[in-house]
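Worksheet: the structure to be examined is printed underneath.
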Amino acid sequence: MHTESPDTRELYIIQESGLTADELERFDRMLDERRRRDVAESQRHAEALGSLLSSRSESTADDEHDPEGPTLSSEWSRLHALRSDSAADITAVDAARERIRLGRYGTCASCGRPIGVQRLEARPTTELCIVCAVAAER
């Protein structure tokens with residue numbers, strides 16, 4: 001039975017993804033900060049939706065024909081979409097942090113090759129290298 005020491009495991013991670021332990025820590029911190037921003041944004045959207053819902057229930061005006069700005073319905077749809085986007089990003093960030101924990105971060109989920117550091121910096125939640133991402137878009 002083969003057992004790996006922590007040092008061996010770290011070398012395996014570095015060899016598989018091409019990322020150093022310092023880079024993995026930096027990406028983990030970046031993802032943690034992004035998650036905090038996403039949660040705060042989602043909470044702001046939830047509060048705005050609550051206020052809007054309160055406005056809708058208190059108002060008897062027909063805002064669908066109000067030329068002075070967006071309707072309550074369109075604002076509700078906009079805020080709901082923004083909150084959904086935040087929730088989806090939180091899910092993607094959590095998945096990326098789990099890949100860090102499991103030692104798979106920075107390795108393409110499709111071909112198994114390393115994902116470039118520049119791509120990870122631009123899209124830290126990506127699971128695909130640029131070649132596989134382009135192929136998936138076709």
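All of the numbers you see were taken from the coordinates with simple rules; none came from a lab. On a predicted model such as this, the values are computed, not experimentally measured, just so you know. In this analysis, Cβ positions are derived from the backbone assuming ideal geometry, glycine residues included, and neighbour counts consider all displayed protein chains.
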Original post:
How much length is gained if the chain between residue 102 and residue 21 is pulled fully straight, taking 0.36 nm per residue apart and subtracting their Cα-Cα distance, in nm to one decimal?
Top reply: 27.8 nm
Subject >> Amide H contacts under 5 Å for residue 107, placed H, 5+ residues apart >> reply: 115
**OP:** Multiply the residue separation of residue 109 and residue 136 by 0.36 nm, subtract the distance between their alpha-carbon atoms, and state the gained length in nm to one decimal.
**Re:** 8.5 nm
**OP:** Take the stretch 69-138, compute every pairwise Cα distance, and split them into 5 Å bins from 0; I just need the percent in each bin.
**Re:** 4, 16, 18, 19, 14, 9, 8, 7, 4, 2, 0
Original post:
What is the local net charge at residue 126, summed over the other residues whose Cβ is closer than 11 Å to its Cβ (Lys, Arg +1; Asp, Glu -1)?
Top reply: +1
**OP:** Please give, to one decimal in nm, the separation of the simple spin-label points placed at residue 87 and residue 118, each 7 Å out from Cα toward the Cβ.
**Re:** 3.7
